[in-house]
Amino acid sequence: MSDTLSRTPLFALHVELGGRIVPFAGWEMPVQYTGIIEEHMAVRKTAGLFDVSHMGEARVRGRDAAKFLDGIMTNEMSTIKVGMARYTVMCQPDGGCVDDLIVYRLAEEEFLICLNASNAPKDIAWMRAHLGSHQVEVLDECAAWAQLALQGPLAEQILALVTSTPLASIKRFGFVLGEVAGATGCIISRTGYTGSLGFEIYLPAASAEKVARALLTSGKPHGLVPAGLGARDSLRLEANYPLYGHEISERISPIQAGLGWTVKFAKPAFIGREALHRQAQGGPTSSVVLFSLDDRRIARQGAVVYSGETPVGEVLSGTQSPVLGKPIGTALVAAGHASSASLTVDIRGNRIPLHLATEPFVK
Amino acid sequence: MSNVPADLHYTKDHEWIKVAADGTAVIGITDHAQAALGDVTFVDLPKVGAAFNHGDVFGTVESVKAASDLYSPISCEVLEANSGLNNSPDLVNREPYGGAWMIKVKVKNPAELASLLDAAGYAATL
């Protein structure tokens, strides 16, 4: 890792908009502008615009591209239709996660993959190390792309103000290539990480500021606000979306994380298949649970989870849910306790009952 | 720029204290502190009668981002905790020097006040 922090093409705009800049995954990013709760609620009720240009991109192309990806990803890649995207995990042989990713099929033999910021160099090296004899190349396009996430119930209406590209026909997890605010060569994708409706827009880095300003100006009368990483985290946790390094990691597999639906054992072979199959058959030694608290204190990462007086797990993520008005979080809990009604969490010496949730808090 | 009223004393840890002539004082956190914390969701305050030495943790203020300890600027005994913060913790963000006072205390050793920062001294630390 380099000691110097990277800046996205929108850094100057963040500062101009009053964003509070913090280091995140090697980047200087805005954690909030006016306040996490206000930005969070804007995404639930109107719309928010996030700069997610720190995310990485890799292009995988060649005659064997789909076959190659099927061998390193848990989900099925060869059946993705051109113009559609799919969520997947890339695993180690022991089932731990290298990263979780969104794979966009641009053409029969060409894919664009969205990588987590902190994992991007590792992911690209991993993919290149497993090329084998496949006729495929992995191109690092992290610097070429900026990404904006326009999220919220009014996202489509607002995006339509600055693009001539038809949006209504884009299905969930579908995408089109098009123009946004005069910037050509954009990928407009109906995906997101908030649990609200919305789009993610991949655009040439040089066009990012122009497009962001156009969206903010056109969207402002409709309630669009710039939103930071703080709201992004509380939104994704309400929707029970995993964050790499928390709910999934090199030590927490997709089976443990409740992402078994992304693991396609019907595929003949992929890295991690045997270890994941054993976990799926025998049950993992620990698994991730979603919870809320009837308390004012937030259970934060590392807080210990108890069954009676026995420590049985630890909190992975915790925040205040603006929609519920109470603390929510996730925890990794030992096998046999993942549906227990009698778990507590220690917050500064207080034992607070965990209320396990079987559904995301927003859908 | 954050607001630093001239009539208060301050700690380097961003608490303020306002001392009255009758030997009581009111304690809270500064405008700078509330801005750094972001949206406050909970303030955990001590019970009436609790006693603290200078520098002891007397409570916790929790925001969406983090939980931060509150340090007693002086040795004191708690006379009252602000129950209004129970229902409106966001007062800390809106009125850090007013409605969001945290505890009212009896000052044990007035000589300790001399070790605190005045407004200019505190502003210079920001």
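Structure values in brief
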{"quantity": "Cα-Cα over 19 Å, subset of A:Lys45/A:Lys220; A:Lys171/A:Lys264; B:Lys18/B:Lys104; B:Lys12/B:Lys108", "calculated": "A:Lys171/A:Lys264; B:Lys12/B:Lys108"}
{"quantity": "Chain A - mean residue ellipticity at 222 nm from DSSP helices (-39,500 (n - 2.57) per run, n ≥ 4, rounded to 500)", "calculated": "-5500 deg cm²/dmol"}
{"quantity": "Accessible area buried between chains A and B, both sides summed, probe 1.4 Å, in Å² to nearest 100", "calculated": "1300 Å²"}
{"quantity": "Accessible surface, per residue, of the stretch A:127-229 when the full set of protein chains is kept, probe 1.4 Å, Å²", "calculated": "41 Å²"}
{"quantity": "Residues of type aspartates and glutamates that A:Lys67 reaches as a straight line, Cα spacing below 12 Å, ignoring anything fewer than 8 places off in the same chain", "calculated": "A:Glu76, A:Glu108, A:Glu109, A:Glu110"}
{"quantity": "Simple label model, 7 Å out from Cα along Cβ direction - A:Arg348 to A:Asp295, nm", "calculated": "1.1 nm"}
{"quantity": "Threshold 50 Å², the stretch B:28-46 residues less accessible with all protein chains present than alone (1.4 Å probe)", "calculated": "B:Asp39, B:Thr41, B:Phe42"}
{"quantity": "Loop-located trypsin sites (Lys or Arg not before Pro) in the stretch A:10-71, at most 13 other Cβ atoms within 10 Å (DSSP)", "calculated": "A:Arg63"}
{"quantity": "Kirkwood estimate for the stretch A:285-357, i.e. one over the average of 1/r between Cα atoms, Å", "calculated": "11.7 Å"}
{"quantity": "Per-pair calculated FRET efficiency, R0 = 25 Å: A:Ala239 and B:Ser88 via Cβ, rounded to 0.05", "calculated": "0.35"}
{"quantity": "Descending principal axes extents, the protein assembly as shown, alpha-carbon based, whole Å", "calculated": "84, 55, 39"}
{"quantity": "The stretch A:76-201, relative contact order in percent, only Cα pairs under 8 angstrom and at least six apart counted", "calculated": "18 percent"}
{"quantity": "Over the stretch B:8-69, relative contact order from alpha-carbon pairs under 8 Å, at least 6 apart, %", "calculated": "23 percent"}
{"quantity": "Threshold 10 Å², the stretch A:281-300 residues less accessible with all protein chains present than alone (1.4 Å probe)", "calculated": "A:Arg296, A:Arg297, A:Ile298, A:Arg300"}
{"quantity": "Whole-number percent relative contact order across chain A, with pairs defined as alpha carbons under 8 Å at least 6 apart", "calculated": "18 percent"}
{"quantity": "Accessible-area composition of the stretch A:290-363, carbon plus sulfur, in percent [1.4 Å probe]", "calculated": "50 percent"}
{"quantity": "Net charge of neighbours whose Cβ lies under 10 Å from the Cβ of A:His54, counting Lys and Arg as +1 and Asp and Glu as -1", "calculated": "-1"}
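The values are calculated or read from the model by the stated rules, or taken from the named source; none is laboratory data. Keep in mind that what you see is a predicted model, and the values were worked out from it rather than measured. So basically every Cβ, Gly included, is an ideal-geometry build from the backbone, and we count neighbours across all protein chains shown. Side chains included, ligands, DNA and RNA excluded: accessible areas come from the protein's heavy atoms. Shrake-Rupley method; radii C 1.70, N 1.55, O 1.52, S 1.80 Å.
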